[in-house]
Structure formats: C-alpha cells, structure tokens
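Quick notes on the structure that follows.
The values are calculated or read from the model by the stated rules, or taken from the named source; none is laboratory data. As the structure is a computational prediction, the values presented were derived from the model and not from experiment. Here the Cβ is made from the backbone with ideal geometry for all residues, glycine too, and neighbour counts use every protein chain on show.
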C-alpha cells in the first residue's frame, strides 16, 4: 500500500485506488466550473509517481462548499514525447503533474 | 495606511483595494494592524530562506535526505517557518534537471521563497514551459545537454515545489553562508544554476 | 472555445519570456496580505479567488496585472459569500472618491 507524502488532517472515506508505478489515463472530460486538471493532459496516459495525500476537492471549494470527503491526490509522470506529437527534446524528458484520483482511470 | 500625503488619482483597482479593506475593517473582519503585519510578514519571506536550506543540504547528507522526504519538517528544523506549505523538493543531478511552473495560475512556494517574479506568472512562461522547456531554458541562458533528462513540474494542486540545485565544482570547503550566497531564486525554480 | 478556460494555457503557442520583475507597490502588497488573511481566517478559500480570476473576460484577464486580477476576484468572492454587498461596495467607492477630491 502506497504511503502518502503528506498525512493530512482530513479523515477521508475515499481510499486511494492506485499504487506507485500504476499506469493511469486522465479522463478526457470537459465539464464546467473550477478545474485543476489542465486541458493539455486530458486523455493522456502516465504513471503514478507518488501519492501526495488526501485533500479537499478544489472543484467544490471553489463553489463555497467544503470539498469533503478529501480526495487522494497523486503526482503522475508523463513522457513529453507521449504528450506532444512534435516534442523537441530528449526522449527521456518528463512532465510531472498533480492530479486528483477522480480524474484518473486505470490504463 | 496611506502611501504618502500627496493627492494622486487612484486607479479603479487601487480604489477597489481601499474600499474592500475599509469595509472589512468596519465590519470587524480584519484590522488595519493585521493587514500591516501580514504585509511585513510577506516582505520577510525572501529567497534567502530557500538558499539557506539548499546550502545546508549541500553540506549535510542527512539533512538532504530529510529535505527530500519531508520538506516542511526539514525547513522548520532550520528555524524557517513554512506554515501549511506542502513542500516537495526535487533534486538536480548530473542525469536530471528539474524546473517548476504553474500553468493554471502562479502557484509557488511563497512561504519559502517570497512572492514569485512577474515572468513566472506570465502567459509566455506558463504556456511554453510544459511544452518546450529546453527552448525556454535556452532563453534564460541555460543550455541543458540532450543527455540530461528534463523534468517539468506543473504545480496544479496542493504541492509546492523547490528545486535543489547541484552544488557547483570549486566550492569545496566553503562555509554554508558562502554557499547560500551563490544560490539565487531562479536556480530554485529551475531556470538557472548556481555559479561560482 | 468554451471547453477550455482562458487561464488554462499550458501547451499553447506563445512568445519569448520577458524576464520582467517589478518591486510591488504597497497597494499590491495589501491585496496580497488581505487575500492571505482572509484565507487563514477561513473566510474565503484560494479556490474561490481562482474561480473568480478564471471568470474574468479573456481581454481583461490578459490586460490586467496580477494584483489587479486578484483585487477584482477578492471583491467578487466577498460579495458571493455575503460578507459585503454590491450596494455597500458601491457606496464605499463613492465615499472614497468624494474624500479624495482635492
């Protein structure tokens, strides 16, 4: 079971579903409201780099709600060449982004 | 609370700032003293704080391990207060160069490094850094060899990032103070490297 | 296109990074301070501020400076929360303009 980088004060009923090394795909949804999953990464597949911990959902906090239960937040690692078709740089170059669990699916 | 005694027309935004502040004070939500104190608190937070952390990590391997595993705890152990900062420190090595951006706004480890520079918040940096980091770094005068992997961190949620740069050659035997003096803010964002 | 927020700019083409820096004016520092205080007093969240910045019309988003965006977003969020009302804000701004008349 993956240990979180930060043990937060939020008691969460939402269990982390992914382990370090799991391949995950970012959902390609485009809903309304305040969203912290950048447009450019949606639909792309990466690897779980670490579990950051569980944090209140910013989509809900933005709407003056408490964002609870806290959601697992991960750092997900992507290869630049997988994200940008015309990427100029080393094949080894990486992008690492924090993504909440509800935006991720098993790849 | 006024800047000086001279009359000067306020912009719409400056008028908004004073209006909001006066209303908040009248309603007992905040006091002028609190605002003044918070301004001074933020002034105190400068990149020298981050530089001190980097210098310690360079001379003390145990501290460095702690910094990588528990960024906030390591900072607090040096007497550097970083309230609520979910700090993740990423280490540069000969194989890996790290750089940080917030494409969505301007997230930055403010409690450690202070207020971010204008360019970090600019459209051009936020747009291009995730897509063509090597070209952007070259514009900053930093050329990273093809054999070195670049990792770009997009600060999209609760984590805040600081780059731990590599200690340059030619600094053997230097005191921590002398080492901290060559660690600039840009090297902790990842668009520069410390130079002797 | 509406599916992509104007602020959500990662990966879009853009120009050379101008390495501008400026020493922040006192009013800008006070905006920053108020935003931090309102957050630590748990009156507003940073997420509400961000949501309001993201709601700025694209032309304004691009033309406004960083703290100009923040101060507008703070005002909107305070009204949304009912801490101040639109009427109170309007009257306060008029009062201040009268006070500042030479």
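Can you find a residue in region B:29-43 that is touching a strand residue (DSSP E or B) at 6+ places or on another chain (Cβ under 9 Å) and assigned to a helix (DSSP H, G or I)? There is no residue in region B:29-43 that is touching a strand residue (DSSP E or B) at 6+ places or on another chain (Cβ under 9 Å) and assigned to a helix (DSSP H, G or I). Return yes or no: is residue B:53 more than 8 Å from chain C (Cβ to nearest Cβ), under 13 Å from the mean Cα position of the chain (by Cα) and more than 23 Å from residue C:51 (Cα to Cα)? When the stated conditions are applied, residue B:53 passes them. For residue B:74, are the conditions met, namely being within 14 Å of chain C (Cβ to nearest Cβ) and buried (at least 22 other Cβ atoms within 10 Å of the Cβ)? For residue B:74, the condition - within 14 Å of chain C (Cβ to nearest Cβ) and buried (at least 22 other Cβ atoms within 10 Å of the Cβ) - is not met. Only one entry of B:5, B:28 meets the criterion of being outside the structural domain of residue B:117 (by TED's automatic domain parsing), at pLDDT below 95 and surrounded by fewer than 20 Cβ atoms within 10 Å (Cβ to Cβ), and that entry is B:5. For region C:1-23, residues that are at the interface with chain B (Cβ under 7 Å from one of its Cβ atoms) and modelled with pLDDT under 95 total 4.
Residue selection: residue A:93 satisfies the criterion of being under 29 Å from residue B:133 (Cα atoms) and touching a helix residue (DSSP H, G or I) at 6+ places or on another chain (Cβ under 6 Å). In the set (1) buried (at least 16 other Cβ atoms within 10 Å of the Cβ); (2) more than 21 Å from residue B:34 (Cα to Cα), the condition left unmet by residue C:34 is number (2).
With respect to being more than 10 Å from chain B (Cβ to nearest Cβ) and under 14 Å from residue A:34 (Cβ atoms), residue C:50 falls outside the description. For residue C:58, the criteria (1) at the interface with chain B (Cβ under 10 Å from one of its Cβ atoms); (2) surrounded by fewer than 20 Cβ atoms within 10 Å (Cβ to Cβ) hold in every case but one, which is (1).
Selection of region C:24-47 for residues being outside any helix (DSSP H, G or I) and facing chain B (nearest Cβ under 7 Å) yields C:24, C:43. A count restricted to region B:48-85 and to residues that are touching a helix residue (DSSP H, G or I) at 6+ places or on another chain (Cβ under 8 Å) and either in contact (Cβ under 8 Å) with a residue 60 or more places away in the chain or part of a loop (DSSP other than H, G, I, E, B) (or both) stands at 21. Looking across region C:71-92 at every residue that is outside any helix (DSSP H, G or I) and more than 10 Å from chain B (Cβ to nearest Cβ), the one that is surrounded by the fewest Cβ atoms within 10 Å (Cβ to Cβ) is identified as C:82. For region A:45-100, a residue qualifies if it is closer than 19 Å to residue B:128 by Cα and part of a strand (DSSP E or B), and the qualifying residues are A:77, A:78, A:79, A:94, A:95, A:96, A:97, A:98.
Scanning region C:48-70 for residues that are farther than 21 Å from residue B:124 by Cβ and either touching a residue at least 60 places away in the same chain (Cβ under 8 Å) or in a loop (DSSP other than H, G, I, E, B) (or both) returns a single hit, C:55.
Of all residues in region B:86-128, those satisfying the criterion of being within 29 Å of residue A:85 (Cβ to Cβ), facing chain C (nearest Cβ under 8 Å) and assigned to a loop (DSSP other than H, G, I, E, B) are B:103, B:104, B:105, B:106, B:122.
Checking each residue of region A:81-104 against the condition of being closer than 25 Å to residue B:106 by Cβ, without any contact (Cβ under 8 Å) to a residue 24 or more places away in the chain, within 11 Å of another protein chain (Cβ to nearest Cβ) and surrounded by fewer than 15 Cβ atoms within 10 Å (Cβ to Cβ) gives no match. Scanning region A:14-41 for residues that are buried (at least 18 other Cβ atoms within 10 Å of the Cβ), in contact with a helix residue (DSSP H, G or I) (Cβ under 8 Å, 6 or more places away or on another chain) and assigned to a loop (DSSP other than H, G, I, E, B) turns up A:16, A:18, A:34, A:35, A:36, A:37.
Would you be able to tell me the number of residues in region B:134-162 that are part of a helix (DSSP H, G or I), crowded, with 18+ Cβ neighbours inside 10 Å and facing another protein chain (nearest Cβ under 7 Å)?
2
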